[in-house]
1. Keeping to region 67-93, report how many residues are outside any helix (DSSP H, G or I) and of a type in the set (S, T, N, Q).
2. Hey, could you check region 99-117 for residues that are without any contact (Cβ under 8 Å) to a residue 12 or more places away in the chain and not aliphatic (A, V, I, L, M) and say which is nearest to ILE24 (Cα to Cα)?
3. Is there a residue being within 16 Å of the chain's Cα centre (by Cα) and surrounded by fewer than 18 Cβ atoms within 10 Å (Cβ to Cβ) anywhere in region 84-92?
4. Report whether or not ALA52 is of a type outside the set (Val, Ile, Thr) and closer than 17 Å to PHE127 by Cβ.
5. For residues in region 29-41 being modelled with pLDDT under 85 and surrounded by 13 or more Cβ atoms within 10 Å (Cβ to Cβ), which is nearest to PHE127 (Cα to Cα)?
6. Would you confirm whether or not region 101-108 contains a residue that is within 27 Å of GLU5 (Cα to Cα) and part of a helix (DSSP H, G or I)?
7. Please name all residue pairs, on different chains or six or more residues apart, with Cβ atoms under 8 Å, provided the first residue is in region 1-17 and is free of Cβ contacts under 8 Å to residues at least 60 places away in the same chain and more than 21 Å from THR61 (Cβ to Cβ) and the second residue is aromatic (Phe, Trp, Tyr) and in a helix (DSSP H, G or I).
Amino acid sequence: MDRPELFIVHWLHVFLAIYWFGAILFSRVSLFPALRRLGPESLEEVRGAMKAGHGTKITYTAAIGTVTLGWVRGFIDGALDDLGSLYGQLYLTAGILGILMVVYLVGPLYDRPVLNIMYVWAFPVMFTMMVMMRFAGLFGW
């Protein structure tokens, strides 16, 4: 990464992704299971307060920023010029998955249980594609 603009976009992309994934992990692994032990009314009350709170806006910003900067990073790095390669295909697939995740997160379908599970599992899938893209670029796959 010898271009400063690519370094900055990549760093911001990774930083926002860490926040977004951390929010998913904390809420799904620690917060929501603890709230379920208090009863369904507590869980719904806290979820409602979280949606109206400042943290949700930060999470939305991190999610939208992660996906946007991922696309920008690929544009800068020329991924669209090489869609026939593994790198280009992973870039396109991960980008589309990211867009779908953001649409789900900020859209009206957020409370659908099956989609919620798919949203949570989509992040590790997308992360795996990011790692594969790194190796695809290094090894010319």
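The values are calculated or read from the model by the stated rules, or taken from the named source; none is laboratory data. The model shown is predicted, which means the values in this text are computed figures rather than measured ones. A quick note on method: Cβ atoms are made from the backbone with ideal geometry, for glycine too, and the neighbour counts reach across all protein chains shown.
1. 1
2. Step by step, filter region 99-117, then rank; the result is ASN116.
3. Scanning region 84-92 turns up at least one residue that is within 16 Å of the chain's Cα centre (by Cα) and surrounded by fewer than 18 Cβ atoms within 10 Å (Cβ to Cβ).
4. No; evaluated as a whole, the condition is false for this residue.
5. Applying the filter and picking the extreme gives PHE32.
6. yes
7. Correct list of pairs: MET1/PHE7.
Yes or no, residue by residue, for (1) over 19 Å from HIS13 (Cβ atoms); (2) at pLDDT 90 or above:
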{"residue": "TYR60", "(1), (2)": "no, yes"}
{"residue": "TRP71", "(1), (2)": "no, yes"}
{"residue": "GLY88", "(1), (2)": "no, no"}
{"residue": "LEU97", "(1), (2)": "no, yes"}
{"residue": "TYR104", "(1), (2)": "yes, no"}
{"residue": "ILE117", "(1), (2)": "yes, no"}
